[in-house]
1. Would you work out which of 17, 179, 85 lies farthest towards the positive end of the dipole of the chain, given +1 charges on the beta-carbon of Lys and Arg and -1 on that of Asp and Glu, about the Cα centre?
2. Counting only protein heavy atoms, what percent of the accessible surface of the chain is carbon or sulfur at a 1.4 Å probe?
3. Take the chain, connect every pair of alpha-carbon atoms lying under 10 Å apart with a spring to form a Gaussian network, then pick out the residue of 212, 28, 130 with the largest mean-square fluctuation.
4. Once you order the gyration tensor axes a ≥ b ≥ c over the Cα atoms, which shape class does region 149-189 get: rounded for a/c under 1.5, otherwise prolate or oblate by comparing a/b with b/c?
5. Give me the Kirkwood hydrodynamic radius of the chain in Å, from all C-alpha pairs, to one decimal place?
6. Considering only protein heavy atoms, what per residue accessible area in square angstrom results for region 1-136 with a 1.4 angstrom probe?
7. For the chain, set up a Gaussian network in which alpha carbons nearer than 10 Å are linked by springs, and say which option among 241, 69, 50 fluctuates the most.
8. With axes computed from alpha carbons, what is the tilt in degrees of helix 199-209 against the longest principal axis of the chain, rounded to the nearest 10 within 0 to 90?
Amino acid sequence: MTMTLTVLGTASPHPAPGRPCSGYLLSGGGARVWVDAGPGTFGEVQRHTDPARLDAIWISHLHADHSADLLAALYAFAYGGLTPPAPVPVYAPAGCARRIAGFLGRPDAEPPEAVFDFRDLYDGHVAHHGGLRLTARAVAHDTEAYGLRAEAGGAVLAYSGDSGPCPALAELAAGAGLLLCEADADRHGDDGTPVHLTPEDACRLARDAGAGRLLVTHVGPGLTRESATERAAAVYGGRTDTAYEGDVHRLAP
């Protein structure tokens, strides 16, 4: 059994022409999960699957570059003829439903709850869809944020979400076949706890966790994707690739 990761978007902190913000389509164990819903990624979901057949949506944190296209999905599901057979489970930090309702200028969570089944994430949260297991760990960011460990049939994917260096990332990535990891920061500043990883942080994480492969994503405006990947590869020593929109990565047990 294989797991596949399709890259929908990688940009930070805003979309660029042909490059949506963070978003990925994860398939494994007979399930399809949209992981992070950055601006522009809902259109890319439609390029690869019928959105109405998604088994779940998983949101690492509520910053707009990871969650804003939930609004696009809401309009598609509620008004655009792509209505799913039942509300789609949305795993996200607490307050996601209220935030979407606020964008709509409504005092309650309708109509989001007509098409979305909101389920709050917490540290250690586990969800199963078919043979796919999704485990969330709280990570270090400037808002409530989670990393993801996805497992199906012996294949393991770890996703950092947005995070500064923290022990939870090492636990998520331990022995993963593929580590999908941000490298947003050129360097850490002196103004407090880091909330993003540098390329060197990403490669150290991959190396220390024994990850089989490192996929660099969510590279900030102070870097290019290629330079961030080169910096990570120089320290990691293992296979290091750049995440590009439309790429499909297959993970075997």
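1. So the residue we want is 85.
2. Details: 5000 of 10000 Å².
The value for the chain is 50 percent carbon and sulfur by accessible area.
3. Evaluated over the chain, the most mobile residue of the options is 130.
4. Values: a/c = 3.31, a/b = 2.28, b/c = 1.45.
The shape class here is prolate.
5. Working: mean 1/r = 0.0560 Å⁻¹.
The answer is 17.9 Å.
6. On the way: 5380 Å² over 136 residues.
The answer is 40 Å² per residue.
7. Result for the chain, Cα springs under 10 Å: 50 fluctuates most.
8. That helix lies at roughly 90 degrees to the long axis.
The values are calculated or read from the model by the stated rules, or taken from the named source; none is laboratory data. Computed from a predicted structure; not experimentally measured. Quick reminder, even Gly has a Cβ in these numbers, built from the backbone with ideal geometry, and neighbours come from all protein chains shown. SASA here: full protein model, heavy atoms, side chains in, ligands and nucleic acids out. Shrake-Rupley method; radii C 1.70, N 1.55, O 1.52, S 1.80 Å.
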